[in-house]
Amino acid sequence: MFGKELITALRCALFSLGTLAFITAPSIAQAQSWPDKPIKLIIPFAPGGTTDILGRIFAQQMTTILGQNVIVENKGGAGGNIGAEVVANSPPNGYTLLLASGSMMTVNPYLYKNLPLNYIADLTYISAVAGGPMLVSVNPNLKVNNLKELIALAKTKELTFGSAGIGSQVHMAGENFIYAAGITATHIPYKGEAPALNDLVSGQIDFMVGNLPAAAGFAKAGNIKALAITSSKRVAQLPDVPTVSEAAIPGFVNMGWFTLAAPAGTPKAIQEKIYAATQKALESDAMRKSLEINGLTAILNTPKEQLDVQIKNESANWAKVIKARNIQAQ
């Protein structure tokens with residue numbers, strides 16, 4: 001009896017191993033051949049904003065490195081949640097990727113009561129890609145010429161500020177500035193950074209704290225007044241513009257950043273290929289020059305270490321700002 005039971009157990013074990021091999025064999029083959037068709041890079045905001053600018057620069061380099069077209073698709077709305085949901089629901093095969101702003105992971109979980117996805121469970125983070133400062137700017141008709149004057153004006157009348165949408169990096173940078181300055185202002189959300197900047201230029205809103213790549217061109221052309229940069233040091237793109245810390249609020253720093261993600265369940269071998277290609281892209285001269293021109297700095301990290309720590313630390317900070325400012329998603 002013992003011998004028969006042993007034989008049965010061995011047969012079951014062999015069957016299980018065979019089944020496992022049958023299941024994993026296609027995944028291994030898929031990883032080995034990846035990529036053998038075009039890849040979609042989902043930008044969860046409207047064209048013309050900083051995520052879009054960075055995404056198109058990045059896609060060009062990844063296309064060259066991978067030998068397959070990396071096609072940018074804009075899926076804006078709901079603070080990036082719509083685009084993120086598209087990626088989360090896509091097959092985990094490495095052919096649909098997401099370029100997310102940091103606020104999507106660190107702000108949206110605290111801001112939206114009914115998220116269409118779980119940013120930790122439904123996505124696999126490959127690496128942060130780039131980061132950079134924000135620019136505090138006002139419409140050209142607003143009668144202020146520096147940050148102290150903007151703060152003083154906001155204490156006498158209700159001003160409006162624009163963003164790329166509720167919970168977006170631009171929105172939260174604005175809220176962080178308002179909180180630190182001890183003022184109030186009415187938030188006007190848009191479906192992307194570019195539409196908000198267009199209304200800033202036309203005088204429909206009073207000010208913005210936008211990403212430098214999207215806002216710098218308007219500032220250089222004199223279409224908006226650049227008052228302060230949110231980094232700890234001045235930037236080469238706008239050397240005459242002081243930091244927020246210099247101009248009015250000592251110690252204030254607010255940096256934006258962007259990360260690459262894939263659907264949860266993407267095979268490890270494919271993740272590693274994407275990471276390796278990302279590293280090559282960020283180390284290329286063309287990418288470095290493009291990032292520098294746009295006031296961004298390349299960032300490459302490991303999602304289980306530096307990126308996880310960054311998300312945790314920033315989430316705690318934004319939770320405080322959201323509570324203090326009583327910010328709610330509509």
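The values are calculated or read from the model by the stated rules, or taken from the named source; none is laboratory data. Note that the structure is predicted; figures quoted are calculated from it, not measured. For neighbour counting, all protein chains shown are included, and Cβ atoms are generated from backbone atoms with ideal geometry for every residue, glycine included. Quick note on the areas: whole protein, heavy atoms, side chains included, nothing else; ligands and nucleic acids left out. Shrake-Rupley method; radii C 1.70, N 1.55, O 1.52, S 1.80 Å.
Annotation for region 1-24: at least one member residue is modelled with pLDDT under 95 and in a loop (DSSP other than H, G, I, E, B). Within region 67-84, residues that are more than 25 Å from Gly162 (Cα to Cα) sit with their Cβ atoms under 6 Å from residues that are assigned to a loop (DSSP other than H, G, I, E, B) and open to solvent by 50 Å² or more (accessible area, probe 1.4 Å), at 6+ positions apart or across chains, in these pairs: Gln68/Pro38; Asn69/Pro38; Ile71/Pro38.
Does Ile249 count as over 30 Å from Ala31 (Cα atoms) and in contact with a strand residue (DSSP E or B) (Cβ under 7 Å, 6 or more places away or on another chain)?
No: the conditions fail for Ile249.
Of the listed requirements (1) on the phi > 0 side of the Ramachandran plot; (2) touching a Leu at 6+ places or on another chain (Cβ under 8 Å); (3) surrounded by fewer than 24 Cβ atoms within 10 Å (Cβ to Cβ), Gly79 misses just one: (3).
For region 58-71, a residue qualifies if it is surrounded by 17 or more Cβ atoms within 10 Å (Cβ to Cβ) and either modelled with pLDDT under 95 or part of a strand (DSSP E or B) (or both), and exactly one does: Val70. With the requirement that a residue be open to solvent by 20 Å² or more (accessible area, probe 1.4 Å) and touching a strand residue (DSSP E or B) at 6+ places or on another chain (Cβ under 8 Å), what does region 30-45 give you? Within region 30-45, Pro38, Lys40 meet the criteria. The set of residues in region 87-133 that are part of a loop (DSSP other than H, G, I, E, B), hydrophobic (A, V, I, L, M, F, W, C) and surrounded by fewer than 24 Cβ atoms within 10 Å (Cβ to Cβ) comprises Leu115, Leu117, Ile120, Ala121.
The residues of region 289-330 that are small (Gly, Ala, Ser) and in contact (Cβ under 8 Å) with a residue 24 or more places away in the chain, listed by number, are Ser290, Gly295, Ala298, Ser315, Ala319, Ala324, Ala329. Here Val144 fulfils each of the conditions (1) closer than 24 Å to Lys320 by Cα; (2) touching a strand residue (DSSP E or B) at 6+ places or on another chain (Cβ under 7 Å); (3) touching a residue at least 40 places away in the same chain (Cβ under 8 Å) apart from (1).
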